[in-house]
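The values are calculated or read from the model by the stated rules, or taken from the named source; none is laboratory data. The structure displayed is predicted, hence computed values, not measured ones. Cβ coordinates were reconstructed from backbone atoms using ideal geometry, including for glycine residues, and neighbour counts include every protein chain displayed.
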Amino acid sequence: MAEQVSSLLVFGSINQDIVLRVPEFPEPGQTLKALSTSRATGGKGANQAAAAALQGTTTRMIGAVGNDPGGSEARSALEAAGVDTSPLLVSDGAATGTAYINVRGDGENTIVVEPGANAVLSGKTADSVFADARWALLSLEVPETEAMEFATRAQRHGVQVALNASPSLTGPLPQGLVDLLIVNEGEISSLAGSAWEQIEDLPTAVGVESVVVTRGGAGVDLFQRGVPVQHVPADAVRVVDTTGCGDAFAGVMMAALTRGAGYQEALRQATSYAGRAAEHPGAMSAYFLISERDA
Ligand code: RIB
């Protein structure tokens, strides 16, 4: 009997998040006192992998950490979510990445990332990583060229490629490499220009089959070649912290597609989960809280 093709590969960053709750974002030259501080595992890739695995989808993380306590904590957090961490690279020469996050009272954030070991992640992964994979999800807090190398290998192994172009791509998207692009409004503007909403066939214009544009409280739009735009509204939520909501969205959407759901159902699940994530503090920590509540 043929092996079931059902796992999700997540290629991306792993960080230690240092979170400061602040009364406001500091202006240049201003010194502020934080209201509270906390630390937790984060990173766009790690958050996405955790969110996907917590949905019960078989998820494998391809990322890099330092040979340090932050790296060990990240591995433990990912494994607690059910992520297969066997492909993780442990660098002796670079420390685990660190993200310095300010969160304001309205839940908005600013993030500055020190890449550390994320900068040495390689896309030249062993062929065994691709066994039984249906989708690969990539984000860009790791070297862009390595992400594209990984995407090329995934495609060669018959694995569909989803790119969460966050942070924004610095160059054009290679044509025909990505099946699904997941971006927010700022990221699609930097790829397709600020008049992107006027483009008749957005997927063809950016060289992919499908584009999902997330619009925060205004919901999500799905653009597919030859199909009218489909909109999924967001739920009304009490926002505490928006950190990692985009990662929650991407992870849950890809988890659903990997399990065989259609796009509409995957978007519905992802939109609802991202809204719930905004109601809790932290990124990955919010996903664990959701799981506890649902247990
Ligand atoms: O998207 C949220 C994530 O961005 C945080 O966890 C932080 O690590 C930064 O990478």
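Annotation note: Cβ proximity below 7 Å between a residue of segment 163-176 that is closer than 22 Å to LEU8 by Cα and a residue that is hydroxyl-bearing (Ser, Thr, Tyr) and surrounded by 10 or more Cβ atoms within 10 Å (Cβ to Cβ) (sequence gap 6+ or interchain) occurs for ASN164/SER139; SER166/SER139.
Taking every residue in segment 29-47 that is among the hydroxyl-bearing types (Ser, Thr, Tyr) and pairing it with any residue that is near the ligand (Cβ under 8 Å from one of its atoms), at least 6 positions away or on another chain, the pairs with Cβ-Cβ distances below 6 Å are THR41/MET284. If you go through segment 106-123 and keep only what is away from the ligand (no atom under 13 Å from the Cβ) and acidic (Asp, Glu), you end up with just ASP106.
Just name the residue that is farthest from LEU88 (Cα to Cα) out of those in segment 21-51 that are more than 13 Å from the ligand (Cβ to nearest atom) and of a type in the set (A, V, I, L, M).
Going residue by residue through segment 21-51, those that are more than 13 Å from the ligand (Cβ to nearest atom) are 21-37.
Narrowing further to those that are of a type in the set (A, V, I, L, M): 22, 32, 34-35.
Values: VAL22: 33, LEU32: 37, ALA34: 34, LEU35: 35 Å.
Once the filter is applied, the top-ranked residue is LEU32.
Out of ALA136, ALA147, report the one residue that is closer than 21 Å to LYS124 by Cβ, in contact (Cβ under 8 Å) with a residue 24 or more places away in the chain, away from the ligand (no atom under 16 Å from the Cβ) and small (Gly, Ala, Ser).
Of ALA136, ALA147, the one residue that is closer than 21 Å to LYS124 by Cβ, in contact (Cβ under 8 Å) with a residue 24 or more places away in the chain, away from the ligand (no atom under 16 Å from the Cβ) and small (Gly, Ala, Ser) is ALA136.
If the condition is being of a type in the set (Ser, Thr, Tyr) and within 16 Å of the ligand (Cβ to nearest atom), then segment 258-295 contributes TYR273, SER285, TYR287.
The residue that is nearest to VAL113 (Cα to Cα), among those in segment 231-257 that are of a type in the set (D, E, K, R) and away from the ligand (no atom under 16 Å from the Cβ), is ARG238.
Among the residues of segment 12-22, those identified as within 14 Å of GLU141 (Cα to Cα) and part of a strand (DSSP E or B) are ASN15, GLN16, ASP17.
The set of residues in segment 125-171 being touching a His at 6+ places or on another chain (Cβ under 8 Å) and within 16 Å of LEU257 (Cβ to Cβ) consists of ALA133 alone.
Regarding segment 145-155, can at least one residue be identified that is in contact with a Leu (Cβ under 9 Å, 6 or more places away or on another chain), among the acidic types (Asp, Glu) and either part of a loop (DSSP other than H, G, I, E, B) or loosely packed, with under 15 Cβ neighbours inside 10 Å (or both)? No, because not a single residue in segment 145-155 is in contact with a Leu (Cβ under 9 Å, 6 or more places away or on another chain), among the acidic types (Asp, Glu) and either part of a loop (DSSP other than H, G, I, E, B) or loosely packed, with under 15 Cβ neighbours inside 10 Å (or both).
Taken over segment 131-144, the criterion of being outside any strand (DSSP E or B) and within 30 Å of TYR100 (Cβ to Cβ) is satisfied by LEU140, GLU141, VAL142, PRO143, GLU144. Only one of the numbered conditions (1) modelled with pLDDT of 95 or more; (2) small (Gly, Ala, Ser); (3) farther than 23 Å from ALA250 by Cβ is violated by ALA40, and that is (3).
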